[in-house]
Amino acid sequence: MASSREYLAFILGQLSELDEITYRAMMGEFIIYYRGKIIGGIYDDKLLVKPIKAAISYMPTARYELPYEGAKEMLLVEEVDNREFLTDLFNAMSEELATPKPKKKK
């Protein structure tokens, strides 16, 4: 099942206090970037984030879910109605994630 643009708009609205939030549509789902770093994505109208230390410490009881067949497990964010929680989670994760390497030009 593909994710809806309405759910994407809701999540982006919840993250509206953060600058540099972007997304990319991919195979009916949405990859979420913060400060140019992949934080997670929206899969089947659920927000999933990478299971890094910062995310695990913010959500110690979070369930692991597969975003799609053959992918690595990610953490399900259940507190999507809490703007402050999401903002703090994304800020903490951004600090831990490495800056992506620039792509080589062909």
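Computed quantities for the displayed model
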| item | result |
| --- | --- |
| Hits in the stretch 24-39 (condition: on the phi < 0 side of the Ramachandran plot, touching a strand residue (DSSP E or B) at 6+ places or on another chain (Cβ under 9 Å) and crowded, with 16+ Cβ neighbours inside 10 Å) | GLU29, PHE30, ILE31, ILE32, TYR33, TYR34, ILE39 |
| SER57 assigned to a helix (DSSP H, G or I), more than 15 Å from the chain's Cα centre (by Cα) and polar (S, T, N, Q) | yes |
| From THR61, THR99, THR87, residue being touching an Asp or Glu at 6+ places or on another chain (Cβ under 7 Å) and either polar (S, T, N, Q) or in contact (Cβ under 8 Å) with a residue 60 or more places away in the chain (or both) | THR87 |
| Some residue of the stretch 93-105 being within 24 Å of SER3 (Cα to Cα) and surrounded by fewer than 16 Cβ atoms within 10 Å (Cβ to Cβ) | no |
| Of all residues making up the stretch 2-13, the number that are over 18 Å from ILE38 (Cβ atoms) and either surrounded by 17 or more Cβ atoms within 10 Å (Cβ to Cβ) or of a type outside the set (Gly, Ala, Ser) (or both) | 4 |
| Tally, over the stretch 27-45, of residues that are of a type outside the set (Asp, Glu) and more than 23 Å from GLU95 (Cα to Cα) | 3 |
| Set LYS72, LYS50: member being over 17 Å from LEU18 (Cα atoms) and in contact with a strand residue (DSSP E or B) (Cβ under 7 Å, 6 or more places away or on another chain) | LYS50 |
| Residue under evaluation LYS53, criteria (1) surrounded by 11 or more Cβ atoms within 10 Å (Cβ to Cβ); (2) modelled with pLDDT of 95 or more, criterion not met | (1) |
| Candidates ALA71, ALA62 - the one that is crowded, with 18+ Cβ neighbours inside 10 Å and either within 26 Å of THR99 (Cβ to Cβ) or acidic (Asp, Glu) (or both) | ALA62 |
| Complete set of residues in the stretch 20-45 that are farther than 15 Å from ALA71 by Cα, in contact (Cβ under 8 Å) with a residue 40 or more places away in the chain and outside any strand (DSSP E or B) | ARG35, GLY36, ASP45 |
| Search result, residues across the stretch 27-84 that are in contact with a Phe, Trp or Tyr (Cβ under 6 Å, 6 or more places away or on another chain) and among the acidic types (Asp, Glu) | GLU29, ASP45, GLU73, GLU79 |
| Unmet criterion (only one of (1) surrounded by 12 or more Cβ atoms within 10 Å (Cβ to Cβ); (2) in contact (Cβ under 8 Å) with a residue 12 or more places away in the chain; (3) not in a strand (DSSP E or B)) for LEU48 | (3) |
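The values are calculated or read from the model by the stated rules, or taken from the named source; none is laboratory data. Model, not experiment: these values are computed from the prediction. Note that each Cβ is placed from the backbone with ideal geometry, even for glycine, and that neighbours are counted across all protein chains shown.
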